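Heads up, the thing below is written out as structure tokens.
The values are calculated or read from the model by the stated rules, or taken from the named source; none is laboratory data. All values derive from a computational prediction rather than experimental measurement. Virtual Cβ from ideal backbone geometry, glycine too; neighbours counted across all protein chains shown. Keep in mind that these areas ignore ligands, DNA and RNA; they rest on the heavy atoms of the full protein, side chains included. Shrake-Rupley method; radii C 1.70, N 1.55, O 1.52, S 1.80 Å.
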Amino acid sequence: MSRSGKQTAKNIKLLTIGDSAVGKTCLISQFARDSFNPNFITTIGIDYKIKEVDIDGSKYKLLIWDTAGQERFRTITTSYFRGCQGILLVYDITVKKTFDNVSNWMDQIIQVNDGQHVCKILIGNKCDMVAERKVTEAEGKKLAEEYKIPFMETSAKDNINVQEAFLHITKDVVSGLPSENGGGSGSDRGGNKADLSKGSKKDKKKGCC
Ligand code: GTP
């Protein structure tokens, strides 16, 4: 609460990662600006957008970092992994390689965060492109289950599940924030609760969930 009695929003840092052209920028634009750009303008390094949301009557200011998927920006982009509270890991359901690369992105998260726990959600984007689909919804779901993280298929173009995905990860982060009385709220939203990031025993649970 501010001195004027107005509720001040708490800041939450989110990050989108995934291969180039999977639709990270479009997802953020759809969520934060209600807009979709059909032209591909690759992100140079890093960008961000801000959006305020209301979760259970409390205001949160989301700072959403949009990382470049291209390999040449990897040193810059991975430096933003540290300190973020929620990660949307995105692949393109029409490009199998982007799905196969999810494990590499997971490894990088673990490596950069030195095993510290961070909330994550797996996103299969471009679900409007039914005819070009190369990764089934069941495959996406199975992989997310292996990592014990939530999963959603989205379309930034047709605005399918976009709000839901960002709100889901935000709620997961919020449920792990210290409450006004101290300590996390302890709510169990599943998925991120026992995140043991496949293949790693280093995941020290901290912060959310
Ligand atoms: P980098 O900045 O290089 O990492 O790429 P990105 O992941 O941010 O991809 P971007 O959002 O720029 O989208 C790449 C292309 O995919 C653009 O031409 C978008 O219009 C298109 N696109 C993004 N999301 C969707 C979607 O949900 N459906 C369809 N059909 N096209 C999409």
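From (1) open to solvent by 50 Å² or more (accessible area, probe 1.4 Å); (2) touching a Leu at 6+ places or on another chain (Cβ under 6 Å), pick out the condition that doesn't hold for Lys59.
(2)
If I filter segment 4-16 down to residues being farther than 18 Å from Val174 by Cβ and open to solvent by less than 80 Å² (accessible area, probe 1.4 Å), which single residue comes out as modelled with the lowest pLDDT?
Here the residue is Gly5.
Pick from segment 80-91 the residues that are among the aromatic types (Phe, Trp, Tyr) and closer than 23 Å to Glu164 by Cα: which of them is modelled with the highest pLDDT?
Top of the filtered list is Tyr91.
Condition first: more than 8 Å from the ligand (Cβ to nearest atom) and under 19 Å from Lys97 (Cα atoms). Now tell me which residues in segment 8-24 satisfy that.
The one that is more than 8 Å from the ligand (Cβ to nearest atom) and under 19 Å from Lys97 (Cα atoms): Ile17.
In segment 127-155, what residues are among the hydroxyl-bearing types (Ser, Thr, Tyr) and either part of a helix (DSSP H, G or I) or within 14 Å of the ligand (Cβ to nearest atom) (or both)?
Scanning segment 127-155 gives Tyr147, Thr154, Ser155.
Restricting attention to segment 17-42, report how many residues are open to solvent by less than 40 Å² (accessible area, probe 1.4 Å) and closer than 26 Å to Tyr60 by Cα.
Qualifying residue count for the region: 11.
Check Ile76 against each of (1) modelled with pLDDT of 95 or more; (2) of a type outside the set (S, T, N, Q); (3) touching a Gly at 6+ places or on another chain (Cβ under 9 Å); (4) open to solvent by 50 Å² or more (accessible area, probe 1.4 Å) and name the one condition it does not meet.
(1)
Filter segment 25-81 for residues that are touching a residue at least 60 places away in the same chain (Cβ under 8 Å) and of a type in the set (Phe, Trp, Tyr); which is nearest to the ligand (Cβ to nearest atom)?
Among those that are touching a residue at least 60 places away in the same chain (Cβ under 8 Å) and of a type in the set (Phe, Trp, Tyr), it is Phe36.
Can you spot a residue in segment 92-112 that is within 16 Å of the ligand (Cβ to nearest atom), of a type outside the set (Asp, Glu), surrounded by fewer than 19 Cβ atoms within 10 Å (Cβ to Cβ) and at pLDDT below 95?
Scanning segment 92-112 turns up at least one residue that is within 16 Å of the ligand (Cβ to nearest atom), of a type outside the set (Asp, Glu), surrounded by fewer than 19 Cβ atoms within 10 Å (Cβ to Cβ) and at pLDDT below 95.
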